[in-house]
Ligand SMILES: [Zn+2]
């Protein structure tokens with residue numbers, strides 16, 4: 001039976017937004033967070049700050065990864081996700097990560113930039129990372145300090161796993177890894193450390209919207225396969241448009257419609273170059 005994601009969205013929200021209003025529901029694995037290590041933050045503020053910013057901004061706005069064309073379809077077959085099977089869930093996450101490794105490694109080759117895989121750590125309860133405490137509400141987390149994607153399997157997720165939702169989340173965390181190894185994040189964190197509160201939120205939005213766009217680029221390579229239907233993708237984008245910001249009390253991930261717009265851009269463009277949030281206007285990254 002082909003599930004339409006709606007019922008699963010409702011189920012998945014409970015774990016994520018326990019304290020929020022009951023009508024708020026969240027797509028399986030919607031929420032993710034990212035952070036540098038304390039040490040990285042310190043490194044970024046030491047040294048001549050203007051030099052750091054001047055040298056680094058082009059890393060974000062004109063990165064070579066933007067000129068690598070379409071992301072390849074690597075014929076990903078992550079397997080099925082029967083409800084209640086932790087082993088199938090783990091296998092799905094592992095294979096999805098392998099697919100992302102293949103797809104992005106090719107992109108870094110084209111850019112003539114060094115590539116390295118992230119680590120994948122699958123967890124069933126919240127853990128501390130070198131980047132600090134687990135962000136409340138997050139179901140995935142990328143820590144640049146240990147270059148690890150932490151993927152949380154909750155009981156709620158396990159009851160009604162939604163393949164597209166999970167694939168999108170892994171691809172989003174992977175997007176942060178791409179930002180890390182392409183050095184887009186070198187600019188981000190150096191700018192972040194010098195910025196005031198609202199400027200920090202604006203920088204965070206550019207970073208998160210880009211990771212979301214990178215995720216959509218990857219998802220688009222699986223179009224027409226067994227992972228998802230177009231209806232499920234459309235539904236997911238609409239869901240983000242309406243609910244994508246609810247997990248985040250501060251506007252650090254972008255408004256729902258802004259998230260949906262970057263998802264659509266990545267999906268239609270199919271290339272990392274579609275995801276240059278760092279050169280985009282402030283208005284399109286609200
Ligand atoms: Zn993120």
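Out of contact with any helix residue (DSSP H, G or I) (no Cβ under 9 Å at 6 or more places or on another chain), part of a loop (DSSP other than H, G, I, E, B) and more than 16 Å from the ligand (Cβ to nearest atom), is that true of residue 117? No.
For the stretch 206-239, how many residues are within 22 Å of residue 188 (Cβ to Cβ) and touching a helix residue (DSSP H, G or I) at 6+ places or on another chain (Cβ under 7 Å)? Within the stretch 206-239, residues that are within 22 Å of residue 188 (Cβ to Cβ) and touching a helix residue (DSSP H, G or I) at 6+ places or on another chain (Cβ under 7 Å) number 12.
Scanning the stretch 160-172 for residues that are away from the ligand (no atom under 12 Å from the Cβ) and part of a helix (DSSP H, G or I) gives 163, 164, 165, 166, 167. Scanning the stretch 98-116 turns up no residue that is closer than 16 Å to residue 211 by Cβ and touching a strand residue (DSSP E or B) at 6+ places or on another chain (Cβ under 7 Å). Restricting the stretch 122-144 to residues that are in a strand (DSSP E or B) and within 16 Å of the ligand (Cβ to nearest atom) leaves a set whose member that is surrounded by the most Cβ atoms within 10 Å (Cβ to Cβ) is 142. Look at the stretch 130-142: where a residue is touching a residue at least 12 places away in the same chain (Cβ under 8 Å) and farther than 12 Å from residue 172 by Cα and a partner is part of a loop (DSSP other than H, G, I, E, B) and near the ligand (Cβ under 10 Å from one of its atoms), sitting 6+ places away or on another chain with Cβ atoms under 6 Å, you get 137/31; 138/31.
Does residue 215 qualify as being within 13 Å of the ligand (Cβ to nearest atom), under 23 Å from residue 161 (Cβ atoms), touching a residue at least 60 places away in the same chain (Cβ under 8 Å) and buried (at least 17 other Cβ atoms within 10 Å of the Cβ)? When the stated conditions are applied, residue 215 does not pass them. May I ask you to list the residues in the stretch 173-201 that are more than 15 Å from the ligand (Cβ to nearest atom), touching a residue at least 60 places away in the same chain (Cβ under 8 Å) and in a helix (DSSP H, G or I)? If the condition is that a residue be more than 15 Å from the ligand (Cβ to nearest atom), touching a residue at least 60 places away in the same chain (Cβ under 8 Å) and in a helix (DSSP H, G or I), then 181, 186, 187, 190, 191, 193, 194 are the ones that fit.
No value in this document is a laboratory result; all are computed from the given coordinates. The structure presented is a predicted model; accordingly, all values stated were derived computationally and were not measured. A quick note on method: Cβ atoms are made from the backbone with ideal geometry, for glycine too, and the neighbour counts reach across all protein chains shown.
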